[in-house]
Amino acid sequence: MSTRPEAVTDKPSRRKTRSGELHVVRDDVAGLLAHDLRTPLSAISMNLDFVLAELDGGETDGVRSALEDCRQANIRAVRLVSDMADAVQLATGERRPNFSEVDGAGIVADVVRRIAAEATARDVAIVWRAEEDTFRADADLLARALERIVQRALWHTRCGGRIDIFLGSGSATVRVGAVQPGVSDTPARSLATHFAEAALRAQGGAMYTERDDEGALVFRVQLPT
């Protein structure tokens, strides 16, 4: 079963005015924001309470660990807010892609490097290969979109599992072989995938998910044209 980009409908709220379209986008993002920011912001709050309690007791090891958790949670929260703002600007045309010739293999390598620590912590192997040399795209938006997709794939991968990334001519795939129990054929959207969709769509690309013949969860990306 696959989930492909929705076709344009005849709903007035999506066609009449730019302000109407912006309203729809903001309503969608608001719901995703409430869901995705809850966990990192709650982690910050709980760890700060713990730090304050431990400081009174004179302990330091637990304090360092809590502060590091706080730092990582705050980084995730800031990234989510930045993605949300950029997704709205891309959807409304307030921000436009800056096209240039990009090295596809280099982008995938950077994405894997940035997510390596999180993958190691989850005991997930990431294997990638790229056949595409260069193509025109906004390097920053494309790299961030692929990174968010791989992060989402990592979230759905069972501990000890593997993610395969392949970049070919005109497309990329991120395949999750061992999916976490309870993950449906159409995984719930998130701010990460919302941003990825907006970043790719603004460049003439697209993203959708499906299950392949072996039951693996696959994120498919149509690269910018």
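Things to note:
- Under 5 Å, built H, 5+ apart or other chain: amide partners of Val179: Arg158
- When you filter the GluC sites (Glu not before Pro) in region 116-225 for DSSP loop state and at most 11 other Cβ atoms inside 10 Å of their Cβ, you are left with Glu131, Glu214.
- Phi-based couplings in Hz for region 189-200 (Karplus 6.51, -1.76, 1.60; Gly and Pro marked x): 5, 9, 5, 4, 6, 4, 5, 4, 4, 5, 5, 6
- Among Ile149, Ile107, Ala137 - extreme Cα towards positive end, dipole of region 100-222, charges at beta-carbon: Ile149
- Long-range HN-HN contacts of Ala130 with modeled amide H, under 5 Å: Leu167
- Per-selection Kirkwood Rh - region 149-219 (Cα, Å, 1 d.p.): 12.6
- Cα centre as origin, Lys/Arg/Asp/Glu Cβ charges: region 103-225 dipole, Debye: 360
- Net charge of the neighbourhood of Met46, taken over other residues with C-beta under 15 Å away and scored Lys/Arg +1, Asp/Glu -1, is -1.
- Amide H contacts under 5 Å for Phe135: Val102, Gly104, restricted to partners 5 or more places along the chain or on a different chain, H placed in the peptide plane at 1.01 Å from N.
- Qualifying chymotrypsin sites (Phe, Trp or Tyr not before Pro) in region 64-169, DSSP loop, other Cβ atoms within 10 Å at most 16: Phe99
Every number here is computed from the coordinates shown, using simple stated rules; none is lab data. Fair warning: this is a prediction, and the values are worked out from it, not measured in the lab. Because the Cβ atoms are built from the backbone with ideal geometry, glycine has one as well, and the counts that use them run over all protein chains shown.
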